[in-house]
Amino acid sequence: MTDTQKPDELGNEDKTLTNRQGHPVSDNQNVRTVGDRGPTVLENYNFLEKITHFDRERIPERVVHARGAGAHGYFEAYGTIGDEPASKYTRAKLLQEKGKITPMFVRFSTVTHGGHSPETLRDPRGFAVKFYTEDGNWDLVGNNLKIFFVRDPIKFPDLIHAFKPDPVHNRQDPNRIFDFLSLTPESMHMVTWLFSPWGIPASYRFMEGSGVNTYKLVNAEGVAHLVKYHWVPKQGLKFLTQAQAEEVQAKNFNHATADLYDAIERGEYPEWEFCVQIMSDDEHPELDFDPLDDTKIWPVDQFPFLPVGRMVLDKNPVNYFAEVEQAAFGTGVLVDGLDFSDDKMLQGRTFSYSDTQRYRVGPNYLQLPINKPKTRVATNQQGGQMDFAVDAVEAGANPHINYEPSSIDGLKEAQPSGKPHTPHVEGIVGRQKISRTNDYGQAGDRYRSFSDFERDDLILNLVTQLKQCNPEIQERMVHHLTQCDPEYGARVREGLSS
Ligand code: HEM
């Protein structure tokens, strides 16, 4: 047996290096040259294939959430939603039976900076989950915090531009960030969470997750309820103060990726309980906020967390690029029994994700193993860059009939699996704000409900950032924070003048 034929740890006997054409590579050390000092010759196919592929190793980074870590795992349903059978609220198959297992993939991330940026920065953390269900994929693209900065999708690119490095000198600048935030009063609730210790989770294992936007659950009768989704870590919650984060960052700026990967390698599988909050499907005029407003939390005393299952992450990716970088999640990816609410942010997001993925990964991104459903796929879609599987043929359909309807032998439409949910909506077409904005109420509640330590840290972090801002921006921020709670504004003002 030669060296290249000894079985490796995966049991593969042949370890011979080849190129992508399957040609064995017998010299991987020397390019082909005229004489030993060169010049090189152009017909050096192995070298050209190797170097040109290397030149193309990167795809565009995600425009947000570029830095991330992923893991595989599974979801186990409880079969119930709180004390009720899950079927009372939803016909989604993955939630029906106690003990039913659905494979999953999760990607955690930071938002603002690039692919190798420090994981210690104050930033929301992404919590994107893909359930490979028997009815196709369900993606729940969430964050660790339960709310967001803005409630209208047209503001998202501006929010991100303000947080990203300055386009001239390429540095993040608090003056730009707080310029935007101080002109965006609905962001005060998110600001209050983000600049508290909650803004730097100790690592991905010790943070919550939330779908943030409002969705719907639909049962077999077509009856819908509004729903918010949440992940509660069984490991508990841990945060870093700014000073602790700086200490970690001085030694290791990949600590969150390392923590997740190493815990799974050690067999300490992180686990989260999946919970929902539920409201009847109407406008709820009795509330002082709009249930579709993603800058608001649904108070848990009125809308308790109802457990529906648990997620366990038990396998690291084999290849970061193939599985984590090319993973594509989107808010439009729902299964039967789940639906969209009228939340306008949700609709804006739903357009944006698959649009960017067709650009970032390519039009056939759903054929990649990490994104492909683990169930039958049978479309009449074809072609586009890197198309390597014709769905209909793979599904055993007649390869000539790539259209529908057909009387010959084509694919046929599915039967509806329950009564459709048919909401009635009417209104004037226009550019309008929601009526119940209440931008300051929950921010003030949050400020008051923090412990002394959390409040002190919040004030310190805001003052440190605002000291780097123009006086009129400081003034606008103090004004908003005073509306949230007079003490909140006064303490920030005092910090700025000391
Ligand atoms: C209108 C508002 C929003 C828009 C237009 C938007 C758009 C985007 C885009 C374009 C990406 C990159 C996706 C990719 O390249 O695959 C992304 C990633 C992401 N977004 Fe949003 N986003 C919005 C709001 C939110 C909110 C409110 C949340 C939290 C619930 C969120 C969570 C995430 C996460 C977790 C990722 C990373 C997904 C991954 O790990 O691949 N986004 N978003």
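The values are calculated or read from the model by the stated rules, or taken from the named source; none is laboratory data. None of the values given here were measured: they were computed from a predicted structure. Neighbour counts run over all protein chains shown; Cβ positions are idealised from the backbone, glycine included.
Key figures for this structure:
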item: Evaluation of A162 against (1) buried (at least 20 other Cβ atoms within 10 Å of the Cβ); (2) assigned to a strand (DSSP E or B) (one fails), failing number; result: (2)
item: Pair list, Cβ under 6 Å, 6 or more apart: region 391-411 residue over 21 Å from P373 (Cβ atoms), other residue charged (D, E, K, R); result: N398/D409; I401/D409
item: Residue in region 49-58 that is under 30 Å from N319 (Cβ atoms), within 16 Å of the ligand (Cβ to nearest atom), in contact (Cβ under 8 Å) with a residue 40 or more places away in the chain and not assigned by TED's automatic domain parsing to the domain that holds L121 present; result: no
item: Residue under evaluation L366, criteria (1) within 21 Å of K93 (Cβ to Cβ); (2) more than 16 Å from the ligand (Cβ to nearest atom), criterion not met; result: (2)
item: Options A414, A395, A389: the member that is at pLDDT below 95, loosely packed, with under 15 Cβ neighbours inside 10 Å and touching a Ser or Thr at 6+ places or on another chain (Cβ under 9 Å); result: A395
item: Leading residue by the ranking (nearest to H113 (Cα to Cα)) among those in region 174-201 that are surrounded by fewer than 20 Cβ atoms within 10 Å (Cβ to Cβ) and touching a residue at least 60 places away in the same chain (Cβ under 8 Å); result: P174
item: Search result, residues across region 29-63 that are surrounded by 10 or more Cβ atoms within 10 Å (Cβ to Cβ) and hydroxyl-bearing (S, T, Y); result: T33, T40, Y45
item: Some residue of region 432-441 being acidic (D, E) and at pLDDT 95 or above; result: yes
item: Subset of region 1-44 that is among the small types (G, A, S) and under 39 Å from the mean Cα position of the chain (by Cα) - its residue that is modelled with the highest pLDDT; result: G22
item: Filter result (of a type in the set (A, V, I, L, M, F, W, C) and touching a residue at least 12 places away in the same chain (Cβ under 8 Å)) within region 412-459; result: V425, I434, A443, F450, F453, L458, I459
item: In region 313-347, the residues that are surrounded by fewer than 17 Cβ atoms within 10 Å (Cβ to Cβ), more than 16 Å from the ligand (Cβ to nearest atom) and of a type in the set (A, V, I, L, M); result: V318
item: Failed condition for A263, given (1) buried (at least 19 other Cβ atoms within 10 Å of the Cβ); (2) in contact with a strand residue (DSSP E or B) (Cβ under 8 Å, 6 or more places away or on another chain); result: (2)
item: Selection from region 152-168 of residues that are more than 9 Å from the ligand (Cβ to nearest atom) and either touching a His at 6+ places or on another chain (Cβ under 9 Å) or not β-branched (V, I, T) (or both); result: D158, H161, A162, F163, K164, P165, D166, P167
item: Residues of region 348-363 satisfying the condition of being over 24 Å from L94 (Cβ atoms) and within 9 Å of the ligand (Cβ to nearest atom); result: G348, F351, S352, D355, T356, Y359, R360, V361
item: Test: G126 is in contact (Cβ under 8 Å) with a residue 24 or more places away in the chain and surrounded by fewer than 18 Cβ atoms within 10 Å (Cβ to Cβ); result: no
item: Residue within region 83-101 that is surrounded by 21 or more Cβ atoms within 10 Å (Cβ to Cβ), within 16 Å of the ligand (Cβ to nearest atom) and aliphatic (A, V, I, L, M) present; result: no
item: Top-ranked residue of region 32-48 - restricted to ones that are part of a helix (DSSP H, G or I) and of a type outside the set (F, W, Y), ranked as farthest from the ligand (Cβ to nearest atom); result: N46
item: Condition check for P317: outside the structural domain of T214 (by TED's automatic domain parsing) and not small (G, A, S); result: no
item: The one condition in (1) farther than 22 Å from D456 by Cβ; (2) surrounded by fewer than 21 Cβ atoms within 10 Å (Cβ to Cβ) that R151 fails to fulfil; result: (2)
item: Check on T110, away from the ligand (no atom under 13 Å from the Cβ) and at pLDDT 95 or above; result: no
item: Conditions (1) free of Cβ contacts under 8 Å to residues at least 12 places away in the same chain; (2) on the phi < 0 side of the Ramachandran plot; number of the one not met by G383; result: (2)
item: Helices (runs of 4 or more DSSP H) (entirely within region 166-284) containing at least 2 residues that are of a type in the set (A, V, I, L, M, F, W, C), within 23 Å of F131 (Cβ to Cβ) and under 22 Å from the mean Cα position of the chain (by Cα); result: 255-265
item: The listed residue being among the aliphatic types (A, V, I, L, M) and in a loop (DSSP other than H, G, I, E, B), out of V393, V377; result: V377
